[in-house]
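Input: a single structure, listed below in structure tokens.
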Amino acid sequence: MSTLPVPLTRFVGREAELAQARSLLADSRLLTLTGSGGAGKTRLALQLASAVAADFPGGVWFADLSPLSSGEFVWDRVALTLGVKEPAPGRTWAEAVGHHLQARQALFVLDNCEHVVETAAEVVASILESAPSLKVVATSREPLGVAGEVTWAVPPLIEADAVALFTERAQQARPQFSLRDDERASVVDICRRLDGLPLAIELAAARTRALAPARIAAGLKDRLALLSPGPRGGPRRQATLEASFDWSYDMLSERERALLRQLSVFSGGFDVEAALAVCPAATLELLASLADRSLIIVESQGGAEARYRLLETVRQFAAEHLDEAEEVELMRNRHRDYYTEMAEKAEPGLTSPDDAPWQALLLTEQENLRAAMAWSRDRGDAEALARLVAPLGMLWTLSNRVVELSRWMEAATPRAGEVSLRLRARLRYYECLTALFAGDRLGRCRRWRTSRSPWPEPPAASATKRRHSLSWASSPGWSAGPMRCERMSRTRFASGVRPVFPTSS
């Protein structure tokens with residue numbers, strides 16, 4: 001079993017580094033590859049995992065943490081990668097994942113840990129303790145700080161490998177490209193100025209579509225001369241990588257720059273339809289142009305429509321320019337509105353016989369949906385947050401994602417009094433459902449009955465219906481109940497009557 005992604009380009013050079021990393025992994029259970037953005041940590045980790053896969057009959061697993069906005073979803077991403085279901089009431093994610101891995105001789109690759117390093121360290125320490133035959137390869141700009149960790153700073157490419165990488169990527173950008181003897185010195189100069197950083201070299205190589213190596217080298221030289229020095233003692237590689245990005249950004253047309261910075265609002269990828277809807281600057285031509293320049297990556301998903309993504313380093317760079325252009329609020333709101341409409345459109349399909357495509361759509365876009373909810377939560381926009389939580393509650397219920405349901409309900413319910421009656425009713429419904437999942441079958445519903453409520457008291461006759469709703473919600477076959485209760489609630493609050501929720505008699 002392997003969940004390693006298949007790279008779209010060939011791994012170039014690094015034989016000595018790969019051999020050293022393999023040796024380090026053989027003598028340790030946790031190997032963390034460190035280095036600045038663009039140093040090639042991910043590609044080396046993938047190549048290492050592929051090379052040693054035969055040594056791990058229990059499976060080789062890969063989880064990319066870069067789309068996560070905070071550490072609260074690291075356990076969820078790890079569990080989803082492993083196919084671990086949500087833990088039963090009274091159990092933790094650590095216990096569920098540990099139980100799944102404990103008898104496996106397996107390898108887990110945890111990529112891009114730096115922005116969630118504390119939670120990533122907690123997860124790694126927990127699974128290593130639970131599974132004695134498990135090994136972990138992590139990539140991060142800083143060590144995880146876990147006991148027994150071996151850290152290895154990924155070195156820059158040696159000159160020969162750097163030139164080989166530039167040449168291969170240049171041939172992908174312009175198939176007729178062939179490195180002539182009189183151009184070799186310029187390519188060596190490019191690679192040296194970029195300190196052998198693979199990502200920076202690939203960005204420079206993409207320029208050969210329009211420029212000769214000598215022109216690229218001259219452009220880098222002029223651009224670097226204009227840069228102010230970075231912090232004293234800071235890593236020089238980051239400055240040169242930023243210079244490469246700045247120079248590539250300056251080479252774009254104004255429309256291409258606008259699109260690149262607007263695309264930074266997406267999390268975990270996007271498709272053409274989303275880019276065209278969210279980004280005012282987007283056109284098919286500009287998307288293709290940025291892909292040709294290696295600033296966005298095209299990912300294939302079998303027969304499905306291709307998705308795009310920005311490398312995390314490029315996304316952070318573009319986000320800084322979005323902030324400088326004072327477009328953050330505009331673009332975040334457009335992003336939120338698009339995914340809110342998607343969730344509301346998908347919700348009826350979730351309760352239809354043909355629900356699988358709708359679930360797949362929302363799960364594919366879950367990082368964008370989370371980013372939209374987080375934006376609404378952080379802005380204190382209770383109505384916008386409720387508009388997302390309400391339709392996604394059905395997805396989380398049907399896919400048994402109770403932890404996620406609980407987490408967003410905790411964010412939405414404190415300000416439920418500020419939202420429309422329709423949304424308030426639905427939030428209360430899902431909060432009761434959360435209580436039922438957690439085994440608190442009566443507690444929260446009883447608290448609603450004794451708390452001050454914006455609704456008039458229901459007629460006495462509805463008590464029978466409330467008892468009936470509790471009976472099916474508490475029964476072994478209650479899983480069909482939420483959909484019936486949802487439909488009943490909609491009918492009742494549409495007529496202005498307080499919806500019925502499971503409660504005590």
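The values are calculated or read from the model by the stated rules, or taken from the named source; none is laboratory data. Note that the structure is predicted; figures quoted are calculated from it, not measured. Here Cβ is always computed from backbone atoms with ideal geometry, including for glycine, and neighbour counts include all displayed protein chains. With ligands, DNA and RNA removed, areas are computed over all heavy atoms of the protein, side chains included. Shrake-Rupley method; radii C 1.70, N 1.55, O 1.52, S 1.80 Å.
Just a few scattered comments:
- Charges were assigned to the Cβ only: +1 to each Lys and Arg, -1 to each Asp and Glu. The resulting dipole of region 372-436 about its Cα centre is roughly 140 debye.
- Accessible-area ranking of ASP195, ASP292, largest first, probe 1.4 Å: ASP292, ASP195
- Förster radius 30 Å - calculated FRET efficiency between VAL298 and ASP355, Cβ distance, rounded to 0.05: 0.55
- Region 103-117 - phi-based ³J(HN,Hα) in whole Hz, Karplus 6.51/-1.76/1.60, Gly and Pro as x: 9, 9, 8, 10, 10, 10, 9, 10, 9, 6, 8, 4, 7, 10, 4
- Partners of LYS41 within straight-line reach, counting aspartates and glutamates whose Cα lies under 17 Å from its Cα and excluding those fewer than 8 residues away in the same chain: GLU15, GLU17, ASP64, ASP111, GLU114, GLU142, GLU149, ASP161, ASP195, GLU202, GLU312.
- Within region 310-392, GluC sites (Glu not before Pro) in DSSP loop having at most 10 other beta-carbon neighbours inside 10 Å: GLU326
- Residues in region 195-216 that a label on SER178 would reach, taking backbone N under 17 Å of a point 7 Å out along Cα→Cβ: 213
- For ALA306 and SER399, the difference between the fully extended length at 0.36 nm per residue and the C-alpha to C-alpha distance is 31.0 nm.
- Exposure of LYS345 as accessible area (Å², to 10), given a probe of 1.4 Å and all protein chains: 150
- Among the trypsin sites (Lys or Arg not before Pro) in region 151-207, those located in a DSSP loop and surrounded by at most 14 other Cβ atoms within 10 Å of their own Cβ are ARG180.
- Added length on full extension, which subtracts the Cα-Cα distance from 0.36 nm per residue, ALA16 to GLU254: 81.4 nm
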